[in-house]
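Notes follow once the structure below has been shown.
Bear in mind that the values in this text are calculations on the coordinates, not laboratory data. All values derive from a computational prediction rather than experimental measurement. Using ideal geometry, Cβ is built from the backbone for each residue, glycine included, and neighbour counts are taken over all protein chains shown.
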């Protein structure tokens, strides 16, 4: 098996996790790739130094070392090269990661095929702006908001031929089941089991006390557009690190993507055990 390590050195525990991961995998006979810029973190005998694109192309498994933000960043590479990804939690919550820092010895199970694979739904997002369009891929969520300013925005959400739903709030979140434990959860949205394909819509600090989260079938195509009466600036953000400003007449089209992330886990108990352990239920 050939494994590519992608550590996030902004995480305090990442250097230890990187060195230990390389050591455990190499001792089991795996070929371990890592970028030259991380060579000081590992023993030279345990790894092969390769450029990022080569590592992504040649590996059988991509291992992201960090937290959920690292997972989001690396997921785009994993999907682009159609590689399964395993996350090592070197951060705090690490809800998406498949193994904790104290369980790195379990990486040997990759060699024997003793792991579970989940496929995670993703969202296609198209920003229609006049005659042009910007395309994005989201694993967690698509957010239309006020960009952090202390002013509410007015946006319309439509699905098919039905009358649009008007939101007056700081913004709205359109999330995947994977993203239901992220920003959407903090805004009052439900936790969605990852195997349930649907699109969650949650308002951020809505003006109306009757505003509630709504789950749409993954078969639906949703459209979000700033209302004509909205006087505040409106921004699109995808997975927290991509986006654009929505000008008058712009709208966002959201649908289930044909692309899916293959996520590996070495934790026992699956999603429900992770839910209990992370949220201390």
Please report the spacing between the Cα centers of the stretch 54-74 and the stretch 1-52 in Å, no decimals.
11 Å
By the Cα gyration tensor axes a ≥ b ≥ c (a/c under 1.5 gives rounded; else a/b larger than b/c gives prolate, otherwise oblate), the shape of the stretch 98-141 is prolate
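One quarter of the convex hull surface, Cα atoms only: what value does that give for the stretch 122-258 in nm²? Could you put the intermediate results ahead of the total?
Values: hull surface 31.2 nm².
Average projection, Cα convex hull of the stretch 122-258: 7.8 nm².
Which peptide among 120-127, 108-115 comes first, and what is the full order, when sorted by highest mean count of other Cβ atoms within 10 Å? Mind dumping the intermediate values first?
Working: 120-127: 21.2, 108-115: 13.8.
Highest mean packing first, the order is 120-127, 108-115.
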With only helices counted (DSSP H, runs n ≥ 4, each -39500 (n - 2.57)), the per-residue ellipticity at 222 nm for the chain, to the nearest 500, works out to -5000 deg cm²/dmol
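Need the full-extension length gain, residue 241 to residue 196, defined as separation in residues times 0.36 nm minus the C-alpha distance. One decimal, nm. Numbers along the way, then the final one.
Values: separation 45, 0.36 × 45 = 16.20 nm, distance 2.53 nm.
Answer, rounded to one decimal: 13.7 nm.
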Using 7 Å Cα-to-Cβ label points, what is the residue 168/residue 45 separation (nm, one decimal)?
7.0 nm
Looking only at the chain, where both bridge partners belong to it, what percent of the DSSP beta bridges are antiparallel (to the nearest 5)?
75 percent
Hey, if you drop one equal point scatterer on each alpha-carbon of the chain and run the Debye formula without solvent, what base-10 log of I(q)/I(0) do you get at q = 0.10, 0.14, 0.17 Å⁻¹?
-0.56, -0.97, -1.25
Per the rule of 0.36 nm per residue minus the C-alpha distance, extending residue 114 to residue 102 adds in nm 2.5 nm
Sorted by packing (mean other beta-carbon atoms within 10 Å per residue), highest first, where do 70-79, 35-44 land?
70-79, 35-44
Return one number: the angle in degrees, 0 to 90 and rounded to the nearest 10, between the long axis of the Cα atoms of helix 270-279 and the longest principal axis of the Cα atoms of the chain.
80 degrees
Report the full-extension gain for the segment residue 126 to residue 273: residue separation times 0.36 nm, less the Cα-Cα distance, to one decimal in nm.
49.4 nm
Across all directions of projection, what mean area in square nanometres is found for the Cα convex hull of the stretch 1-46?
2.9 nm²
Degrees, to the nearest 10: 14-27 long Cα axis against longest axis of the chain:
50 degrees
